[in-house]
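Okay, structure first, notes after.
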Amino acid sequence: MLKVDKKMIVELPSGTYMFHDLVVDKPGSELRPAPGATVTIYLDHKLHLRSEAKVNQGGVPSDLMLYSCGSSPSDWVIDNNSEAAAGLYNPDKKVTVKNDSRLFGAVIGEEVVVQKGGTGPTAVHYDEMIATHGPGTGRRHIPLAWAQIAR
């Protein structure tokens, strides 16, 4: 599990990462790629951004891609005035953006819910760059299946 909270800023260098859960919580907490980095994160279970969390805020959405994987995927939530600039791929579960939160990028989910709940805007802004994410100008692959490799 990667938990970013207590006004913590985590910058990830270019690479591929796998976590059971990713939770970004509390005002001032942010997860982002390092400058010039492209990051892919596979999540076995949960993504929860809450309480004014920021993920790649103001960054290029195609620099951060999050994919569900494994045998126990869960619904993903962006909640309570949080913001993310990323591609989200959780095709077997629900993805919810609610309560004044914003997503810049793209989202794939079994069900995608954009739910107003506060006084400000709740929105998903599609970024066309996400369609050609990857090195160079070629299209990237979309994982359809994966398996955990025991070490």
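The values are calculated or read from the model by the stated rules, or taken from the named source; none is laboratory data. For clarity, every value in this text was computed on a predicted model and none was experimentally measured. In this analysis, Cβ positions are derived from the backbone assuming ideal geometry, glycine residues included, and neighbour counts consider all displayed protein chains. Areas reflect the complete protein model, heavy atoms only, side chains present, ligands, DNA and RNA absent. Shrake-Rupley method; radii C 1.70, N 1.55, O 1.52, S 1.80 Å.
Note the full-extension length gain between HIS20 and SER51 as 0.36 nm times their separation in residues minus their Cα-Cα distance, in nm to one decimal. Write down the numbers at each step before the final one.
Numbers: separation 31, 0.36 × 31 = 11.16 nm, distance 2.06 nm.
Taking 0.36 nm per residue and subtracting the Cα distance, the gain is 9.1 nm.
In the chain, what % of DSSP beta bridges are antiparallel (nearest 5)?
Numbers: 0 of 51 bridges.
Percentage antiparallel, nearest 5: 0.
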Using modelled amide H (1.01 Å from N, peptide plane; none on Pro or chain starts), what sits under 5 Å from the amide H of TYR42, excluding residues fewer than 5 places away?
TYR17, MET18, PHE19, TYR67
How would LYS94, LYS54, LYS116 rank on accessible area, largest to smallest, probe 1.4 Å?
LYS116, LYS94, LYS54
Of LYS54/LYS98; LYS7/LYS46; LYS6/LYS54; LYS26/LYS46; LYS94/LYS116, which ones are farther than 19 Å apart at the Cα?
LYS7/LYS46
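Provide the net charge surrounding ARG50, with neighbours chosen by a C-beta distance below 9 Å and charges set as Lys +1, Arg +1, Asp -1, Glu -1. Before the final figure, lay out each step's value.
On the way: positive: LYS26; negative: ASP25, GLU52, ASP79.
Net local charge, ARG50 excluded: -2.
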R0 = 25 Å: FRET efficiency of SER72 with GLN115, Cβ-based, nearest 0.05?
0.55
Of all accessible heavy-atom area on segment 46-97, the percent that carbon and sulfur account for (1.4 Å):
38 percent
Quick one: length gained pulling LYS93 to LYS3 fully straight, 0.36 nm per residue minus the C-alpha distance?
30.3 nm
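Grab the other residues whose beta carbon is less than 11 angstrom from that of ALA106, score K and R as +1, D and E as -1, and report the net. The partial results should precede the final answer.
Values: positive: none; negative: ASP127, GLU128.
Summing Lys and Arg as +1 and Asp and Glu as -1 gives -2.
If the chain between VAL10 and ILE108 were fully stretched, how many nm would it gain, using 0.36 nm times the residue separation less the Cα-Cα distance?
On the way: separation 98, 0.36 × 98 = 35.28 nm, distance 2.51 nm.
Gain on stretching VAL10 to ILE108: 32.8 nm.
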